[in-house]
1. For region 68-103, what are the residues that are closer than 30 Å to residue 199 by Cβ, touching a helix residue (DSSP H, G or I) at 6+ places or on another chain (Cβ under 7 Å) and surrounded by fewer than 16 Cβ atoms within 10 Å (Cβ to Cβ)?
2. For region 8-66, list the strands (runs of 3 or more DSSP E) that sit wholly inside it and hold at least 2 residues that are under 17 Å from the mean Cα position of the chain (by Cα) and in contact (Cβ under 8 Å) with a residue 24 or more places away in the chain; which are they?
3. Sort out for me the helices (runs of 4 or more DSSP H) sitting completely within region 147-254 that have 2 or more residues that are within 14 Å of the ligand (Cβ to nearest atom) and more than 25 Å from residue 12 (Cβ to Cβ).
4. So if I check each of 13, 71, which one is more than 16 Å from residue 142 (Cβ to Cβ) and at pLDDT 95 or above?
Ligand code: GCO
C-alpha cells in the first residue's frame, strides 16, 4: 500500500532544537509515523519527551549548547544515541538562532554565535551522523533552511548567511552521499508563528507587510511541516536528493 512508504516504524530520528516550535512539531510528527526520537537542545525537552512516550515510542535526550559544542562533543552525542537506541536513521538538523540588528551595526558576537549554531554545528553533526549512515548503507538528512536561503532578509545578516550556507551544504552532502543511499534534503519554512518571528509579529508594520505578502493569508505553524518532514524522512523520497521543499504559504511564489 502506498501509505506504507511513509511509515517510519523501527527508525531512529535525531532532531535538534526539539524542545519547542518547529523542531518539537517535527519530532512529534515523526514519532506519530512510528519513529523513536533522540532530541538535542540547549534545554531539556520535557514536553517533547512526554508526548513521544505517550505515543509508545522510545526517547532519549541530549542537552547540548551548540554554541559551545566542539566537533568531538558532537561525535560523542551521536555515539551515545547509537549506544542507547541502537542506530540513527534520520537526522533533522533544525536547531537555529537569529539575531536582529542592522548590518551597519552588526556585532562579531551576533555573527559568530549564529554561524556556529546554524551552520558549523549543523555540518559537523551531519558529518558525525553521516559516518554512521555510510557504515549502515542508508540514511536521511533533513536540514531546516529558510526563505532567507533564497532572499536577503532585513537586519538578520548572519541568519541569512547561515541559512544560505546550509542550503548549499544540503546540495554538497547530497552529491557526496547519494551513492551511500543517504538522501540529504531540506525544508524551507516560510514565516511561521514561533519564537523566531516573535519580534516581527509584535511589530505592526512588519507583521502587516509580511502577512500581505503571503498568498495563503496566514502565518505558518509547526503542524504545517508535518507532511514535508514525513515525506523526506521516509522511503517515499528515496529518489529525492539535494532538494529544498518550501513550506511557505506561497511566499516564494509571490
Ligand atoms: C526574518 C524572519 C525570517 C523567518 C524565516 C523565514 O527576519 O525575515 O525571522 O528569518 O524567521 O527564517 O524562512
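1. 100, 101, 103
2. Working: elements: 12-16, 36-41, 59-63.
Filter on region 8-66 gives 12-16, 36-41.
3. Details: elements: 157-177, 198-201, 204-212, 226-233.
Filter on region 147-254 gives 157-177, 198-201, 204-212.
4. Values: 13 fails: more than 16 Å from residue 142 (Cβ to Cβ).
Step by step, each of 13, 71 is checked, and only 71 is more than 16 Å from residue 142 (Cβ to Cβ) and at pLDDT 95 or above.
The values are calculated or read from the model by the stated rules, or taken from the named source; none is laboratory data. All values derive from a computational prediction rather than experimental measurement. No Cβ is skipped: glycine too gets one built from the backbone with ideal geometry, and neighbour counts run over all protein chains shown.
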